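J.: Structure in structure tokens, see below.
The values are calculated or read from the model by the stated rules, or taken from the named source; none is laboratory data. Not measured: the values here are computed from a predicted model. FYI the Cβ positions are ideal-geometry reconstructions off the backbone, even for glycines, and counts take in every protein chain you see.
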Amino acid sequence: MEFPRKLLEALRQAQRIAALTGAGVSQESGLRTFREAQDGLWAQYRPEDLATPQAFQRNPKLVWDWYAWRRERVYQAKPNPAHYALAELARLVPHFTLITQNVDGLHQAAGSPNVIELHGNIRRVRCSVCGQVYTQWEQHAEEVPRCRSCNGLLRPDVVWFGENLPPAELEAAFEAARTCELFFSIGTSGVVQPAASLAYLARREGARIVEINAEATPLTPFADFAFQGKAGVILPALVQAAFFNPPH
Ligand code: OAD
């Protein structure tokens with residue numbers, strides 16, 4: 001694969017790089033995206049029935065079971081070359097910040113340090129009443145499990161529509177976007193706020209924008225470099241070209 005020399009130089013020289021990832025990065029690990037017409041979860045299910053606080057209030061068991069089903073898929077999934085290339089970038093770039101909307105934990109499984117999880121993590125649950133977080137609970141219970149301290153219903157520790165993002169993570173993501181020289185948007189449709197605004201903030205503050213996505217998105221016209229294709233193919237090739245092929 002050929003990459004513009006300007007991009008390869010920028011990658012080699014940048015002190016600060018930030019990357020935002022979305023469901024497209026885990027697609028090659030066999031996990032479904034949300035908004036794609038064929039395989040997207042939201043093509044088959046309605047978010048308002050499954051991914052809102054109101055849905056959980058109405059029918060906790062339905063919501064719990066849907067996340068349990070997704071969690072099973074996550075447990076079976078393994079990181080793919082896109083995850084590994086991003087973990088490698090953390091070792092190669094002086095300050096590399098990885099921000100993800102994914103809840104699958106596959107970046108960490110690939111070895112990425114300090115991942116900023118904007119939408120939580122499906123491998124954790126928390127009490128819907130007191131907020132106590134759990135990494136272990138009765139996985140195959142018939143009923144929705146309850147909190148050991150307050151008896152409230154447990155829920156997945158993810159962000160639902162209509163809920164705020166975790167403030168410390170959001171602030172760290174904004175800070176990384178504000179201060180980076182290169183901002184990558186990878187495998188995300190870029191339509192869910194506030195995550196989608198990070199690229200525009202980075203751009204306003206002078207960063208160059210690199211997009212890697214299977215298809216064009218609203219961000220594409222604003223990207224300095226846009227690559228259409230699979231993240232698991234493009235990212236490793238880019239890391240290789242920038243850092244492991246001697247420049248001539
Ligand atoms: P989307 O499903 O909206 O977008 C995934 C993007 O990845 C699409 O633009 C695809 O074209 C692209 N894509 C698919 N396979 C790819 C591949 N192999 N390589 C590169 N790109 C690929 O998912 P997100 O943008 O992550 O929120 O969605 C954002 C949020 O909406 C999610 O975090 C979730 C969802 O509702 C919450 O659950 C809070």
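J.: So, Gly40, is that one assigned by TED's automatic domain parsing to the domain that holds Phe184 and within 13 Å of the ligand (Cβ to nearest atom) or not?
T.: No.
J.: Given the options Phe34, Phe56, name the one that is of a type in the set (Phe, Trp, Tyr) and either over 14 Å from the mean Cα position of the chain (by Cα) or assigned to a strand (DSSP E or B) (or both).
T.: Phe56
J.: I'm trying to understand the selection: among the residues of segment 7-48, which are buried (at least 16 other Cβ atoms within 10 Å of the Cβ) and aromatic (Phe, Trp, Tyr)?
T.: Phe34
J.: Going through segment 114-140 one residue at a time, which ones are more than 19 Å from Thr52 (Cα to Cα), part of a loop (DSSP other than H, G, I, E, B) and within 16 Å of the ligand (Cβ to nearest atom)?
T.: Within segment 114-140, just Val115 meets the criteria.
J.: Quick check: is even one residue across segment 234-248 buried (at least 16 other Cβ atoms within 10 Å of the Cβ), over 16 Å from the mean Cα position of the chain (by Cα) and near the ligand (Cβ under 10 Å from one of its atoms)?
T.: Checked against the condition, which is being buried (at least 16 other Cβ atoms within 10 Å of the Cβ), over 16 Å from the mean Cα position of the chain (by Cα) and near the ligand (Cβ under 10 Å from one of its atoms), segment 234-248 yields at least one hit.
J.: Only one residue in Ser189, Ser197, Ser149 is among the hydroxyl-bearing types (Ser, Thr, Tyr) and within 12 Å of the ligand (Cβ to nearest atom). Which one?
T.: Going through Ser189, Ser197, Ser149 in turn, just one is among the hydroxyl-bearing types (Ser, Thr, Tyr) and within 12 Å of the ligand (Cβ to nearest atom): Ser189.
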